[in-house]
Amino acid sequence: MIGPVRDAEPRKAILRRWLSVALIREIRQGVQWVGAIDWDRRLFDALIPLPKGTSYNSYIVSGSEKTALIDAVDATKADVLLGNLEALGTRKIDYIVSQHAEQDHSGTIKGLLDAYPEAKVLASGRCLELLQEFSLATLDRVREVKDGEKISLGDKTLQFIHAPWVHWPDTIFTYLPEEKVLFTCDFLGSHLATSDLYATDEATVYESAKRYYAEIMMPFRQNIKRHLVRISDLKIDVIAPSHGPLYDRPQFILDAYRDWSSDDVKNEVVIPYVSMHGATRIMVDYLVDALIARGVAVKRFDLTAYDSGELAEALVDAATVVIGTPTILAGAHPLALYASILANALRPKTRFASVIGSFGWGGKMVEQIAAALSGLKLKLLEPVVAKGHPKEADFRALDRLADEILAAHREMKIA
Ligand code: FEO
């Protein structure tokens, strides 16, 4: 059993405890993956489900004169990173490039600075501030790098590109022009534990990367578009993110990101719903069928048993969202409110919204859902609220809602 790395523990002491098998993977001559695959992690930020685990990609770039490590790993995998570095024969690290201060990439930096006393941390000013706030690096061991700045490793060069707000204010990308490798940290990554170094199973990677985009990047869509333009002039053979597989066919993920971050929406309706005694479920069933009959695609989510990552992913493209909720404690069901708050925070490009559901003797569920979604620039289509179980007039109202959704989609020329 291997314990966590203690702050001031010297490298040799750490290595005496190191029992795991090293995994080093060559990307280019002098460029190696030395990160950690986290097959078993199932939750990130105490919020985001990780059904397929994740990886923390860390890279060694060895020049003729100097050596740099690009991003570290989560603190729980410190022994794996240090073991990989030792197995690679890394006696000296000159630079630790911290592309982003979130702890899944920076949690090991303090241990690395202890193990490699010559190393300095290179990062954006914002990142360095955060690393100090997190007690991961001290002023004497850091150096700020500016946007466009280049650092020579001898026969290799690191060029830094500031890319704030993907999803923190601190992020930089690192370009290695001699090998045409772009290191992008979270950007273009995926929470996917896989034995594939590269995205060879593109269908699986597409789903994981889209889900990751929805959960992490979507609220910053306008910045994402700017960063895509910013890197469009670079000659890139390999994109090396810090989560999930790398891309040796960069166009695959760049095209996907352009599509997801574009202003285009699809002829789709997302319906997150919860039903206590069946009335709301009957209304959802009816509306789903009415939309399908009109040629509108539907993704429905029973909020008592759903994966919030799948809901986030569905919101990437959908033109419309309809929240289904009963009335409880004079308002919307808390699960429906939570889904609405989540959708509001993720800032999808959804254009239309509505609410359907039932009540017994009054309440403010429509107002609550509308308030929870108020951060989105949505047009609210007239809700359908039944008293008790839905009756003939309620079904006609659901037909009217389906017609309105189809008309709105047609006006946008997506249906
Ligand atoms: Fe993978 Fe924002 O950290």
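So that you can scan it fast, the table gives a plain yes or no per residue for (1) within 22 Å of Leu176 (Cα to Cα); (2) within 30 Å of the chain's Cα centre (by Cα); (3) not assigned by TED's automatic domain parsing to the domain that holds Ser58:
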{"site": "Leu88", "(1), (2), (3)": "yes, no, no"}
{"site": "Lys92", "(1), (2), (3)": "yes, no, no"}
{"site": "Ala101", "(1), (2), (3)": "yes, yes, no"}
{"site": "His105", "(1), (2), (3)": "yes, yes, no"}
{"site": "Thr108", "(1), (2), (3)": "no, yes, no"}
{"site": "Tyr116", "(1), (2), (3)": "no, no, no"}
{"site": "Leu130", "(1), (2), (3)": "no, yes, no"}
{"site": "Glu133", "(1), (2), (3)": "no, yes, no"}
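Do we have any residue at all in region 210-230 that's touching a Ser or Thr at 6+ places or on another chain (Cβ under 7 Å), within 16 Å of the ligand (Cβ to nearest atom) and modelled with pLDDT of 95 or more? Yes, there is a match, as at least one residue in region 210-230 is touching a Ser or Thr at 6+ places or on another chain (Cβ under 7 Å), within 16 Å of the ligand (Cβ to nearest atom) and modelled with pLDDT of 95 or more. Kindly indicate whether any position in region 367-384 is without any contact (Cβ under 8 Å) to a residue 40 or more places away in the chain, under 25 Å from Ala305 (Cβ atoms) and over 35 Å from the mean Cα position of the chain (by Cα). No, there is no match, as no residue in region 367-384 is without any contact (Cβ under 8 Å) to a residue 40 or more places away in the chain, under 25 Å from Ala305 (Cβ atoms) and over 35 Å from the mean Cα position of the chain (by Cα). Identification of strands (runs of 3 or more DSSP E) wholly contained in region 123-186 with 2 or more residues that are within 21 Å of Leu234 (Cβ to Cβ) yields 150-152, 157-162, 172-176, 181-185. When region 328-350 is filtered for residues that are surrounded by fewer than 20 Cβ atoms within 10 Å (Cβ to Cβ) and assigned to a loop (DSSP other than H, G, I, E, B), the ones remaining, listed by number, are Leu329, Ala330, Arg347, Lys349.
The C-beta contact set for region 46-57 (first residue farther than 12 Å from Ser190 by Cβ, second residue within 13 Å of the ligand (Cβ to nearest atom) and of a type in the set (A, V, I, L, M), distance under 6 angstrom, 6+ apart or interchain) comprises Tyr56/Ala36; Tyr56/Val73.
Among the conditions (1) crowded, with 21+ Cβ neighbours inside 10 Å; (2) of a type in the set (D, E, K, R); (3) touching a Gly at 6+ places or on another chain (Cβ under 6 Å), the only one that Lys364 does not satisfy is (1). Within region 98-111, take every residue that is surrounded by fewer than 24 Cβ atoms within 10 Å (Cβ to Cβ) and not in a helix (DSSP H, G or I) and give me the one that is farthest from the ligand (Cβ to nearest atom). Checked region 98-111; the qualifying residue farthest from the ligand (Cβ to nearest atom) is Gly107. A single member of Val73, Val61, Val31, Val80 is under 24 Å from the mean Cα position of the chain (by Cα), crowded, with 19+ Cβ neighbours inside 10 Å and either under 20 Å from Ala123 (Cα atoms) or modelled with pLDDT under 95 (or both), and it is Val73. Screening Ile282 against (1) among the hydrophobic types (A, V, I, L, M, F, W, C); (2) more than 16 Å from the ligand (Cβ to nearest atom); (3) in the same structural domain as Ile24 (by TED's automatic domain parsing) leaves a single unmet condition, (3). Of all the residues in region 302-327, those that are part of a helix (DSSP H, G or I) and of a type in the set (Ser, Thr, Tyr) number 1.
The values are calculated or read from the model by the stated rules, or taken from the named source; none is laboratory data. Every value quoted in this text rests on a predicted model; they were computed, and no experiment measured them. In this analysis, Cβ positions are derived from the backbone assuming ideal geometry, glycine residues included, and neighbour counts consider all displayed protein chains.
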